[in-house]
Amino acid sequence: MEQEPDIKQRKIIHIDMDAFYASVEQRDNADLRGKPIVVGGSPEGRGGVVATASYEARKFGIRSAMPSKRALQLCPHVLFVRPRFAAYKEVSQCIREIFSRYTDLIEPLSLDEAYLDVSEDKQNIGSAIEIARRIKQAIKDELNLTASAGVSINKFVAKIASDLNKPDGLTFISPAQIEQFMEELPVEKFFGVGQVTAAKMKNMGLHTGADLKRLTEQELTHRFGKVGGFYYKIVRGIDNRQVQPHRETKSMGAEDTFPYDLTTIDEMSAELQKIAGNLANSLLRHQLKGRTITLKVKYSDFKQITRSLSFASPVADHETLFDTAVDLLVKSDITDKKVRLLGISMSNFGEHKPVVMKGNSVQLELFP
């Protein structure tokens, strides 16, 4: 495994709660235990999206970000539970307190997962594996919930490791194991690789990290843009991103590049429906609402435009995201245009600010 010089080897833990929202609901309501449940929007009307599915529901193929209507089709007897954010936030704060017993270097990714840098732990335990074991046990004893942990020397590998033996797993990937681990990793597990990019890679004969490793950094950047440089480093076990305790989310988005150009509003609307669902789920998991929705459109000639709409009050629901994106799309004069990428993002999470014109982004103010 290659390492960049003068970088101290870190001890990183990634903690990921198991089916967090669903597990809290089952813990607090005995009638839900052992049953397939979905925490998220109702399937009625236009339907919401799945925020979290219990492990009993996952056996039927139900996954996060899936439309609730689809979840009901897969499991007609699934139980839908409305999210209780106050309860989840309270539990999350308790989990954070457990983390803080061992380190102050905590980077929350959402209410149910975080990175911890325990290179120098408060209790002088020294072993990241032992610290992860104690954290998992404290969560189980004090909160009656389970968490999975990944332990390694960088954030990327620790995050992948935490997902390998769910639920209630603990996986350590040592420096000596990283090179083989990265070479065997399927490309769809890599940062920034969605379904479309994974399909593109596989069409190029790139199925694993070992396949990516055969390409030079220049080749990867040429084929995949700036993220290609990240692939080049990470497949060699290099990830020097620090755990950032005060990381502030400025924006959050979801987008997709299509295997063929879209030419009709109906085709684009169908894709925006899925993209809006993915973004709504991410906002739900991070308990965020924003005031500015931005539509991103990239044409077949790679020309790109953005259009934005700002609201007086914060929003985050699937319906508003979708309706706004479609409205902005229709107003963007896409007649006779071929579209290769669509994206929706949310920003302006802080205090309300005056609306301004910026670049080719048209920001309008809506009042209730």
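The values are calculated or read from the model by the stated rules, or taken from the named source; none is laboratory data. These numbers come from a predicted model, not from an experiment. Backbone-built Cβ (ideal geometry, glycine too); neighbour counts: all protein chains shown.
Taking the conditions exactly as written (small (Gly, Ala, Ser), surrounded by 15 or more Cβ atoms within 10 Å (Cβ to Cβ), under 21 Å from the mean Cα position of the chain (by Cα) and assigned to a helix (DSSP H, G or I)), does Ser92 satisfy them or not? In short, yes. Scanning the stretch 323-358 for residues being within 23 Å of the chain's Cα centre (by Cα) and at pLDDT below 80 gives a total of 1.
Summed over the stretch 33-85, residues that are of a type in the set (S, T, N, Q) and under 20 Å from the mean Cα position of the chain (by Cα) total 4. If you go through the stretch 25-45 and keep only what is touching a Pro at 6+ places or on another chain (Cβ under 9 Å) and either among the hydrophobic types (A, V, I, L, M, F, W, C) or over 19 Å from Arg285 (Cβ atoms) (or both), you end up with Val39, Pro43. One residue stands out in the stretch 259-318 among those that are among the β-branched types (Val, Ile, Thr) and touching a strand residue (DSSP E or B) at 6+ places or on another chain (Cβ under 6 Å): the one that is farthest from Val196 (Cα to Cα), namely Thr292.
Rundown of residues vs (1) modelled with pLDDT of 90 or more; (2) in contact with a Lys or Arg (Cβ under 6 Å, 6 or more places away or on another chain); (3) among the polar types (S, T, N, Q), yes/no style:
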{"site": "Arg236", "(1), (2), (3)": "no, no, no"}
{"site": "Arg241", "(1), (2), (3)": "no, yes, no"}
{"site": "His246", "(1), (2), (3)": "no, no, no"}
{"site": "Lys250", "(1), (2), (3)": "no, no, no"}
{"site": "Pro259", "(1), (2), (3)": "no, no, no"}
{"site": "Ile265", "(1), (2), (3)": "no, no, no"}
{"site": "Met268", "(1), (2), (3)": "yes, no, no"}
{"site": "Asn278", "(1), (2), (3)": "no, no, yes"}
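Total residues in the stretch 191-208 satisfying the condition of being farther than 22 Å from Asp256 by Cβ and surrounded by fewer than 14 Cβ atoms within 10 Å (Cβ to Cβ): the figure is 1. With respect to the conditions (1) loosely packed, with under 14 Cβ neighbours inside 10 Å; (2) among the charged types (D, E, K, R); (3) at pLDDT below 90, Glu188 lacks only one, and its number is (1). A single member of Arg241, Arg236 is over 30 Å from Ala325 (Cα atoms), within 20 Å of the chain's Cα centre (by Cα) and among the charged types (D, E, K, R), and it is Arg241.
For the stretch 232-253, taking the residues that are within 20 Å of Gly194 (Cβ to Cβ) and touching a strand residue (DSSP E or B) at 6+ places or on another chain (Cβ under 6 Å), the one that is surrounded by the fewest Cβ atoms within 10 Å (Cβ to Cβ) is identified as Ser251. A single member of Arg46, Arg33 is farther than 30 Å from Gly237 by Cβ, of a type in the set (Lys, Arg) and at pLDDT 95 or above, and it is Arg33. Counting only helices (runs of 4 or more DSSP H) that sit completely within the stretch 193-246, those holding 3 or more residues that are closer than 27 Å to Tyr115 by Cα correspond to 195-203, 209-213, 227-234. All conditions in (1) under 18 Å from the mean Cα position of the chain (by Cα); (2) under 29 Å from Lys274 (Cβ atoms); (3) surrounded by 14 or more Cβ atoms within 10 Å (Cβ to Cβ) hold for Asp211, with the sole exception of (1).
Within the stretch 100-110, can one find any residue that is in a helix (DSSP H, G or I), over 18 Å from Ala22 (Cβ atoms) and either among the small types (Gly, Ala, Ser) or touching a Leu at 6+ places or on another chain (Cβ under 6 Å) (or both)?
Keep residues of the stretch 100-110 that are in a helix (DSSP H, G or I), which gives 100.
Within this subset, residues satisfying the condition of being over 18 Å from Ala22 (Cβ atoms) are 100.
With either among the small types (Gly, Ala, Ser) or touching a Leu at 6+ places or on another chain (Cβ under 6 Å) (or both) added as a condition, the list becomes 100.
Yes, the conditions are met somewhere in the stretch 100-110.
Restricting the first member to the stretch 113-124 and to residues that are closer than 17 Å to Ile160 by Cβ, and the second to residues that are among the aromatic types (Phe, Trp, Tyr), the beta-carbon pairs closer than 8 Å and six or more apart or on different chains are Ala114/Phe99; Leu116/Phe99; Leu116/Tyr102. Here Ile135 passes the criteria (1) among the hydrophobic types (A, V, I, L, M, F, W, C); (2) within 27 Å of Gly34 (Cα to Cα); (3) touching an Asp or Glu at 6+ places or on another chain (Cβ under 8 Å) except the one numbered (3).
Quick check on the stretch 95-123: of everything there that is hydroxyl-bearing (Ser, Thr, Tyr) and surrounded by fewer than 20 Cβ atoms within 10 Å (Cβ to Cβ), which residue is modelled with the lowest pLDDT? Write out each step before concluding.
Pass one, the stretch 95-123, residues hydroxyl-bearing (Ser, Thr, Tyr): 100, 102-103, 110, 115, 119.
If we keep only those that are surrounded by fewer than 20 Cβ atoms within 10 Å (Cβ to Cβ) too, we end up with 100, 110, 119.
Details: Ser100: 96, Ser110: 86, Ser119: 96.
Here the residue is Ser110.
Screening Asp336 with (1) in a helix (DSSP H, G or I); (2) on the phi > 0 side of the Ramachandran plot; (3) among the charged types (D, E, K, R) gives one miss only, at (1). Residue under question is Phe302, and the condition is that it be part of a loop (DSSP other than H, G, I, E, B) and either over 20 Å from the mean Cα position of the chain (by Cα) or of a type outside the set (Gly, Ala, Ser) (or both); does it hold? Judged against the criteria, Phe302 is a match.
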